[in-house]
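First up is the structure itself, then whatever we jot down about it.
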Amino acid sequence: METGQLIRGVRETAEITGWKAVILDVDDTIAESSPLWGRGFTYVGEKTAEYKGVKAETVAGEAKRWNNELYKNLGVHPRKYRVIAGELAREFEVEETRMWEWMKTAVAMIYCRAPELFAETTETLEVLVAAGLRVGFATHSSLGRTKILKEAWGWEDKYPVFTQSMLTKKDERIWKKATEGLKVRPEQAVAVGDNLHGDILAARRAGIKDTVWVKPAWQIYAQGEKPDGLVVINGIGQLAAALIENFG
C-alpha cells in the first residue's frame, strides 16, 4: 500500500478499535541491536585469542552460549556479564581480572552505542502519527542508554521513551507505565515487540489486548506459548498493513 493508503487505513482501524496509542519495544523491534552483542563478544574472543592462542570464534561462541543460558535467571541484569567473564576465564585459563577488563569494554560496545534504526522504522512511525495515534516506547534500558539512543536518533523531544530497570526482568510494569505516560487506558493501546514474554505476554497482563509480535532475531525471545489472537510480522515495515488487515 502507498503511504497515504496506510495512513487512512490505520486511522479508520483506530476509529473501529478505539486505539489512541501504539507502544513499541526498541531493541530488534525498531532498531537492529543484535549486532552490538555480536561485536562485543567478538571483541572478547579476539582479545582472548591474542593472549592464549585459541580461536576467537570459539570464545565468542561460548560467550553467546553463556549469555543465552544466564538470561533465563538474570535477564539483562548487569551482573550477567561478570558471570560470563568468570566462566570464560576458567574455561580458557585467563586471569579473571584480565577477562573482566575485556568484558567491560564489550559491555560498553553494547550499551554505549546506538544501534541503527531499521530502514522502515521512521516511515512507519510517521504513518502512525499521521493517523492520529500517540507513539511511545517501552524499553528495558538504563536512563543513560536511553539518552544515548534519543540523541543518536534525534528523538529528544519527539517521542516519549519509558524505561524499566535492568535489575529486573521486563514485565507488565513498563507497559502500565507507558499507557499512563501516554494518558491512555490499556485497551486503547497496541503493543509491539519481539520478546514473547517481556513484550507480548507482559503487555497482555497490563491490560493491552491488541498485540503485534515481531519475529525475534534472538530466538530466546521466541520461547513459550503464543497467546490467542497474536498478530505476527517479520519486521517493523509490515506493522501498519498488519494493523489494518488484522484489526480493521
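A few comments on the model shown:
- Candidate set: the range 192-229, residues that are modelled with pLDDT under 95 and over 28 Å from ASN67 (Cα atoms); chosen: the one surrounded by the fewest Cβ atoms within 10 Å (Cβ to Cβ): ASP228
- Meets criteria (modelled with pLDDT of 95 or more and assigned by TED's automatic domain parsing to the domain that holds VAL127) for TRP175: yes
- Hits in the range 25-66 (condition: free of Cβ contacts under 8 Å to residues at least 12 places away in the same chain and under 11 Å from PHE92 (Cα atoms)): ALA49, GLY53, LYS55
- Residue check, ALA119 under 30 Å from ILE208 (Cα atoms), touching a Gly at 6+ places or on another chain (Cβ under 9 Å) and crowded, with 16+ Cβ neighbours inside 10 Å: no
- When residues of the range 119-153 are limited to those that are part of a loop (DSSP other than H, G, I, E, B) and at pLDDT 95 or above, the one farthest from THR179 (Cα to Cα): ALA119
- Within the range 73-97, residues that are in the same structural domain as LYS55 (by TED's automatic domain parsing) sit with their Cβ atoms under 6 Å from residues that are assigned to a loop (DSSP other than H, G, I, E, B) and among the basic types (Lys, Arg), at 6+ positions apart or across chains, in these pairs: GLY75/LYS169.
- Qualifying residue in the range 1-22 (condition: surrounded by 22 or more Cβ atoms within 10 Å (Cβ to Cβ), assigned by TED's automatic domain parsing to the domain that holds ASP171 and among the β-branched types (Val, Ile, Thr)): yes
- Of all the listed residues (ALA189, ALA240), the sole one being within 20 Å of VAL161 (Cα to Cα), surrounded by 24 or more Cβ atoms within 10 Å (Cβ to Cβ) and touching a helix residue (DSSP H, G or I) at 6+ places or on another chain (Cβ under 8 Å) is ALA189.
- Residues of the range 27-47 that are within 19 Å of VAL214 (Cα to Cα), of a type in the set (A, V, I, L, M) and buried (at least 23 other Cβ atoms within 10 Å of the Cβ): ILE30 alone.
- Of GLU156, GLU187, GLU180, all but one fail to be more than 18 Å from the chain's Cα centre (by Cα) and either assigned to a loop (DSSP other than H, G, I, E, B) or assigned by TED's automatic domain parsing to the domain that holds LEU74 (or both); the exception is GLU156.
- Checklist (1) surrounded by fewer than 16 Cβ atoms within 10 Å (Cβ to Cβ); (2) within 30 Å of GLU15 (Cα to Cα) applied to THR124, failing item: (1)
- Residues of the range 76-92 satisfying the condition of being modelled with pLDDT under 95 and surrounded by fewer than 17 Cβ atoms within 10 Å (Cβ to Cβ): PRO78, ARG79
The values are calculated or read from the model by the stated rules, or taken from the named source; none is laboratory data. Bear in mind that the values here come from a model prediction, so they are computed numbers and not experimental data. When we count neighbours, we look across all protein chains shown, and the Cβ atoms used for this are built from the backbone with ideal geometry, even at glycine.
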